[in-house]
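*Asks:* Let me begin by handing over the structure; questions about it come next.
The values are calculated or read from the model by the stated rules, or taken from the named source; none is laboratory data. Please read all numbers here as calculations on a predicted model, not as lab measurements. For neighbour counting, all protein chains shown are included, and Cβ atoms are generated from backbone atoms with ideal geometry for every residue, glycine included. Heads up: the accessible areas ignore ligands, DNA and RNA and are worked out on the full protein's heavy atoms, side chains in. Shrake-Rupley method; radii C 1.70, N 1.55, O 1.52, S 1.80 Å.
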Amino acid sequence: MDKCNLSQTVKNEIASYQHIADQIVSAINGRFRNGTYNHLDDFISTFGNRIAGSKNLENAIDYMLEKSKAYDLENVHGEEVEVPHWVRGSES
């Protein structure tokens, strides 16, 4: 019995990504095996917190773009975004 309430169209679209999911799993079990946490540790140790709009965030983004390109990942690019920020008002 199918307990999924998705339409067949949505199920088909999800199924169409199976080859991409297989590639990701293959890479994790292959060339990236046992390195993911080391890369994460290196990234966090290098960049620490990355507050929106900070130079540290920009450096971290540049680092990840270059690292991704070095691994020959597909369609690596940055996106321009506008991040609204909160400004504290007068205390009442």
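*Asks:* Go through the range 31-49 residue by residue and tally those that are at pLDDT 85 or above and out of contact with any Lys or Arg (no Cβ under 9 Å at 6 or more places or on another chain).
*Replies:* So the answer is 10.
*Asks:* Among the residues of the range 6-21, what is the count of those that are open to solvent by less than 80 Å² (accessible area, probe 1.4 Å) and closer than 20 Å to E74 by Cβ?
*Replies:* The qualifying residues number 3.
*Asks:* Moving on. For the range 25-72, enumerate the residues that are hydrophobic (A, V, I, L, M, F, W, C), surrounded by 12 or more Cβ atoms within 10 Å (Cβ to Cβ) and part of a helix (DSSP H, G or I).
*Replies:* Hits for the range 25-72 are A27, I28, F43, I44, F47, L57, A60, I61, M64, L65.
*Asks:* Let me ask another. Restricting attention to the range 22-52, which residues are more than 17 Å from S68 (Cβ to Cβ) and touching a helix residue (DSSP H, G or I) at 6+ places or on another chain (Cβ under 8 Å)?
*Replies:* Scanning the range 22-52 gives G48, N49, I51.
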